[in-house]
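Trainee: Mind having a look at this structure? Questions to follow.
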Amino acid sequence: MSAAMDTESTYSGYSHYSGHSKKAHRQGRDRHKSPRSKDGSRSEKSVTIQTPPAEPLLGNDASRTEEGQDDNWGETTTAITGTSEHSISQEDIARISKDLEDSVGLDCKRYLGLTVAAVLGLLVFFTPIAFILLPQILWRDDLEPCGTVCEGLFISVAFKLLILLIGTWALFFRQPKADIPRVFVFRALLLVLIFLFVFSYWLFYGVRILDSKDTNYQGIVQYAVSLVDALLFIHYLAIVLLELRQLQPMFTVKVVRSTDGESRYYSLGHLSIQRAALVVLENYYKDFPVYNPALLTASKSRAAKHMAGLKVYNVDGPGNNASGQSRAMIAAAARRRDSSHNELYYEEADHERRVKKRRARLVVAVEEAFTHIKRLQAEEQQKAPGEMMDPREAAQAIFPSMARALQKYLRTTRQQQYHSMESILQHLSFCITNNMTPKAFLERYLNPGPTLQYDRDRWFSKQWTLVSEEAVTSGLQDGVVFVLKCLDFSLVVNVKKIPFIKLSEEFIDPKSHKFVLRLQSETSV
């Protein structure tokens, strides 16, 4: 027995020693062969599957990235979270900062134009008053007395100036809805016209009245009245050019969203391209369904899955270019396309089945939750004051019974990023307050609405870029195409002129409506 134990201990010590010796020998061999083994592995990869020579292997890129990575990688790395399918690079961040600087310039330009318009408006309003008051201040004793007609003109000037002030405030001093890249041509022309008109009146007043110190005060007042009348006519002209001219439809525009192909048609009048772009954006936010990038990931993932199963082997060596491999991958993808439509059909059918199932569960859960709420009348509120709840508390009480079904439905339809728990509770409280039915509560979630329905700060695009081959201040014409770009997608607008319609008339005499009954042997009459 002792001999066996000695033999076992000797064997275990030998095995331990031999393991250490083999491990040391293997490490020494690997240490001596390490430079060569890397080259050997690379040559093996290049023989098996070779990427184009201009594009390095992914493993080599990763190794070089790890070797060249500094300690400040967290400060130079941009992490994008959420459901967006786009990434942002350092160039994009620089471009966004440039857009912010440009927006500051746009704000300065907007306030500068508003300041010029305000100064010109004050000049126009106080000019007739100055025409009347200056003679009274400078040569009051030499003026002829103002009669009844002259005093009546004072009342006429006062009311005309009041009408002009209200009309100018309503037409020009409105809150701007957007910043346009170029000036509004008609508005700029009107401002120039008003400036030249007032300047010419001041020039005539200075030469013929101030220099000569005219004593006919009634004539001076009539001169001021004529100025106010002319300003009223210019205001009418502004209404025609700025408001009435664009009301008659002359063009039909088709707006297509570039990502999912959603399209709408609108009728527009005589507008410039930049103003037509504003009209398109205003209608986009209320007519187009909200942009959901999660709905586009299914087709992209399906295409990526098909392309991921393809491998290209280069048997001719590394000298060939990547065009042959691209043609080979396209041909292989075309051969696999015949069977991909079946997969698409069954995926869509399965998705529709799951959506209908989750929808039915959600409807039942919401209807059952709403049955637990009863609006108390005035006499019932006095009986049980301790059991009453406000709409917010009632919404929080019934929300857990429908939360799971609603969450599953929103995930299935890929709408979970648009509805937070707080927004759902607010909507539920709103429906309870206004005594709305379960169908009214579910309308927001069963039928995805336009962008205006969702959180304004999160889903509204702050910056749009107008791309057009024509000048943005030129008017719409047949065949004009311009693009409105934002960060995630773009709107392609195609303009078509409404054709000229020739309508003719044909008179039918009411006495000509006479009929004859033709009897046959087969009829039952």
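The values are calculated or read from the model by the stated rules, or taken from the named source; none is laboratory data. Note that the structure is a prediction, hence the values are computed from the model and not measured. So basically every Cβ, Gly included, is an ideal-geometry build from the backbone, and we count neighbours across all protein chains shown. All accessible areas refer to the heavy atoms of the entire protein, side chains included, with ligands and DNA or RNA removed. Shrake-Rupley method; radii C 1.70, N 1.55, O 1.52, S 1.80 Å.
Trainee: Which far-off residues, 5 or more places away or on another chain, put their amide H under 5 Å from the one on Glu262, with H placed in the peptide plane?
Mentor: Long-range HN contacts for Glu262: Arg257.
Trainee: Still on this structure, please answer the following. Using 1/(1 + (r/R0)^6) with R0 = 56 angstrom and r between the beta carbons of Arg404 and Val119, what's the FRET efficiency to the nearest 0.05?
Mentor: Plugging the Cβ-Cβ distance into 1/(1 + (r/R0)^6) gives 0.35.
Trainee: How far apart, in nanometres, would the label points at Tyr345 and Asp142 be if each is projected 7 angstrom from Cα along the Cα-to-Cβ direction?
Mentor: 10.2 nm
Trainee: Relative contact order, percent, of the range 106-246 when contacts are C-alpha pairs under 8 Å separated by at least 6 residues?
Mentor: Relative contact order of the range 106-246: 48 percent.
Trainee: Follow-up. Calculate the spin-label point distance for Lys497 paired with Ala471, positioning each point 7 Å from the Cα along the beta-carbon direction, and give it in nanometres.
Mentor: Distance between label points: 2.0 nm.
Trainee: Can you tell me the length gained on complete extension of the stretch Gln222 to Met250, counting 0.36 nm per residue apart and subtracting the Cα distance? All intermediate terms of the calculation are to be shown ahead of the outcome.
Mentor: Values: separation 28, 0.36 × 28 = 10.08 nm, distance 4.34 nm.
Extra length from Gln222 to Met250 when fully extended: 5.7 nm.
Trainee: In whole angstrom, how long is each semi-axis of the equivalent ellipsoid of the range 474-525, when you take the square root of 5 times every eigenvalue of its Cα gyration tensor and sort them from largest down?
Mentor: Numbers: eigenvalues 679, 94, 11 Å².
So the equivalent ellipsoid measures 58, 22, 7 Å along its semi-axes.
Trainee: May I ask you to give the percent of accessible area on the range 106-246 that is carbon plus sulfur, with a probe radius of 1.4 Å?
Mentor: After summing per-atom areas, the C and S share lands at 71 percent.
Trainee: Rounded to the nearest 0.05, what FRET efficiency do Leu452 and Ser423 have when you use their Cβ-Cβ distance and R0 = 22 Å?
Mentor: 0.95
Trainee: Same structure again: Quick check: Cα centre of the range 405-423 to Cα centre of the range 227-286, how many Å?
Mentor: First find each Cα centre; the distance between them is then 37 Å.
Trainee: Which sequence of Leu196, Leu190, Leu134 reflects their accessible areas, 1.4 Å probe, from the largest down?
Mentor: Ranking Leu196, Leu190, Leu134 by accessible area, largest first, yields Leu196, Leu134, Leu190.
Trainee: Between Val355 and Phe430, what FRET efficiency comes out of the Förster formula 1/(1 + (r/R0)^6) with R0 = 25 Å and r the beta carbon distance, rounded to 0.05?
Mentor: For Phe430 and Val355, the calculated efficiency is 0.45.
Trainee: Continuing with the same structure: Residue by residue, what Karplus-based ³J(HN,Hα) values in Hz, rounded to whole numbers, does the range 430-439 have, using 6.51, -1.76 and 1.60 with θ = phi - 60° and x for Gly and Pro?
Mentor: Here the 3J(HN,Hα) series is 5, 5, 5, 5, 8, 6, 8, 7, x, 5 Hz.
Trainee: Give me the accessible area per residue for the range 106-246, probe 1.4 Å, as a whole number in Å².
Mentor: 62 Å²
Trainee: Shifting gears a bit: Could you compute how fast the range 106-246 diffuses translationally, taking Rh as the Kirkwood radius over C-alpha pairs and applying Stokes-Einstein at 25 °C with viscosity 0.890 mPa s? Give it in µm² per second.
Mentor: After rounding, the answer is 147 µm²/s.
Trainee: Grab the Cα-Cα distance for Ile239 and Leu112, subtract it from 0.36 nm times how many residues apart they are, and report the gain in nm with one decimal.
Mentor: 43.4 nm
Trainee: Which distance in nm do the two modelled labels at Tyr265 and Phe204 give, with both placed 7 Å along the Cα-to-Cβ direction?
Mentor: Each label point lies 7 Å from its Cα, and together they span 5.3 nm.
Trainee: Let me ask something additional. Using a 1.4 angstrom probe on the protein heavy atoms only, could you order Val364, Val253 from most to least accessible area?
Mentor: Details: Val364 75, Val253 0 Å².
I get Val364, Val253, largest accessible area first.
Trainee: Relative to the present Cα-Cα distance, how much length would full extension add between Ile373 and Asp509 at 0.36 nm per residue of separation?
Mentor: Extra length available between Ile373 and Asp509 comes to 42.4 nm.
Trainee: At a probe size of 1.4 Å, how large is the accessible area of Lys357, to the nearest 10 Å²?
Mentor: About 100 Å², rounded to the nearest 10.
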